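As structure tokens, the structure follows; a few thoughts come after it.
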Amino acid sequence: MTIIDGKKVAQEIRNELKEKVAGLKSAYGKVPGLVTIIVGENPASKVYVRMKHKACEEVGMNPKIEALPATTSEDELVSLIKKYNNDENFHGILVQLPLPEQIDEDKIIETISPEKDVDGFHPVNVGKLLIGQDTFEPCTPAGVVELLKRYNIETKGKHVVVVGRSNIVGKPVAAMLLQKKEGANAIVTVCHSAANNLSDYTKSADILIAAIGRPRFITGEMVKEGVVVIDVGINRVDAPETKKGYKLVGDVDFDDVSQKASFITPVPGGVGPMTIAMLLNNTYKSFLRKQK
Ligand code: GUN
């Protein structure tokens, strides 16, 4: 059994990007810029935004954070996004979700120029992903696919079972692995909470991708011997024995499922660190596209 080390792979990607960004600097005299917009005081969002900013700096890109109060109106946010749509120093615009309830998330996502939508959430980019055109792949699904590639896990003809149908993970990862291309070409099943007997699906998975948002939901008896397990879940559970009083666990019961798996991602240290690496990758890609 191999534990997939997402932290290590993410660091490799960041090291690669650091070199590439240095190359851009000498070739073009400038570097990719990423603006991250956060509205309100959601503690988890603040942590993520800070991590994105730091990672951006580390690879030599130009990050900026726009922190707006929770009372910001939709119109104000739309104006700010439009400003950055027209600012050629910024190649990526990321609006951290969730947004306060007075703001319509769909409208905000659609305001971001598809050429700067490094999250890959704009309907134009989602459509391109589905039909196999070049686009920004959403960061977490891109991280999943990249981990499979870097661990030389064959996907062609394999049965990938995705548990969860979110727009951020389940649907796009299914679309990506379905494409007829290298690193994909899988037979993909998407299942979710409405399934009468989820195990009927999960047991037939060669590769199981868990993105349900329920702690330790996937147990050993739900998978077959030799399965490859990618756990996208990040759930807080009470842990009175720790200093913080909680710990993070995935959607997979790691101790149980790892008895049967051939490869498995841990939480933390699996898919999580890959998300930011792929965000940097998309920002780099956006910059390069602009130069052409
Ligand atoms: N909130 C949770 N995950 C994400 C993400 O990948 N991008 C953005 N913009 N917000 C998020």
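Tallying residues that are farther than 20 Å from F287 by Cα and within 13 Å of the ligand (Cβ to nearest atom) within the stretch 125-139 yields 0. Selection of the stretch 254-287 for residues being in contact with a Ser or Thr (Cβ under 8 Å, 6 or more places away or on another chain), surrounded by fewer than 19 Cβ atoms within 10 Å (Cβ to Cβ) and not small (G, A, S) yields only D256. Of all residues in the stretch 190-215, how many are more than 20 Å from the chain's Cα centre (by Cα) and surrounded by 13 or more Cβ atoms within 10 Å (Cβ to Cβ)? The total comes to 8. Within the stretch 76-91, at least one residue is within 19 Å of the chain's Cα centre (by Cα) and not acidic (D, E).
Each residue in the stretch 78-124 was checked for being more than 12 Å from the ligand (Cβ to nearest atom) and of a type in the set (F, W, Y), and 2 pass. Summed over the stretch 108-159, residues that are of a type in the set (D, E, K, R) and closer than 22 Å to V39 by Cα total 4.
Taken together, the residues in the stretch 47-80 that are closer than 18 Å to L279 by Cα and touching a strand residue (DSSP E or B) at 6+ places or on another chain (Cβ under 7 Å) amount to 11.
Looking at this structure, is K54 more than 22 Å from G143 (Cβ to Cβ) and either without any contact (Cβ under 8 Å) to a residue 40 or more places away in the chain or surrounded by fewer than 14 Cβ atoms within 10 Å (Cβ to Cβ) (or both)? Criteria not met by K54.
Counting only helices (runs of 4 or more DSSP H) that fall entirely inside the stretch 190-292 and contain at least 3 residues that are over 17 Å from I3 (Cα atoms) and of a type in the set (S, T, Y), the qualifying elements are 198-202, 272-291. Would you check which residues across the stretch 100-118 are in contact (Cβ under 8 Å) with a residue 60 or more places away in the chain and either more than 18 Å from A67 (Cα to Cα) or crowded, with 23+ Cβ neighbours inside 10 Å (or both) and list them? Once the filter is applied, which keeps residues that are in contact (Cβ under 8 Å) with a residue 60 or more places away in the chain and either more than 18 Å from A67 (Cα to Cα) or crowded, with 23+ Cβ neighbours inside 10 Å (or both), the stretch 100-118 yields E115, K116, V118.
Values quoted throughout were computed directly from the atomic coordinates according to the rules given, and no laboratory measurement underlies them. Only a predicted model underlies this, so the values are computations on that prediction, with no experimental measurement involved. Cβ: placed from backbone, ideal geometry, glycine included. Neighbour counts: every protein chain shown.
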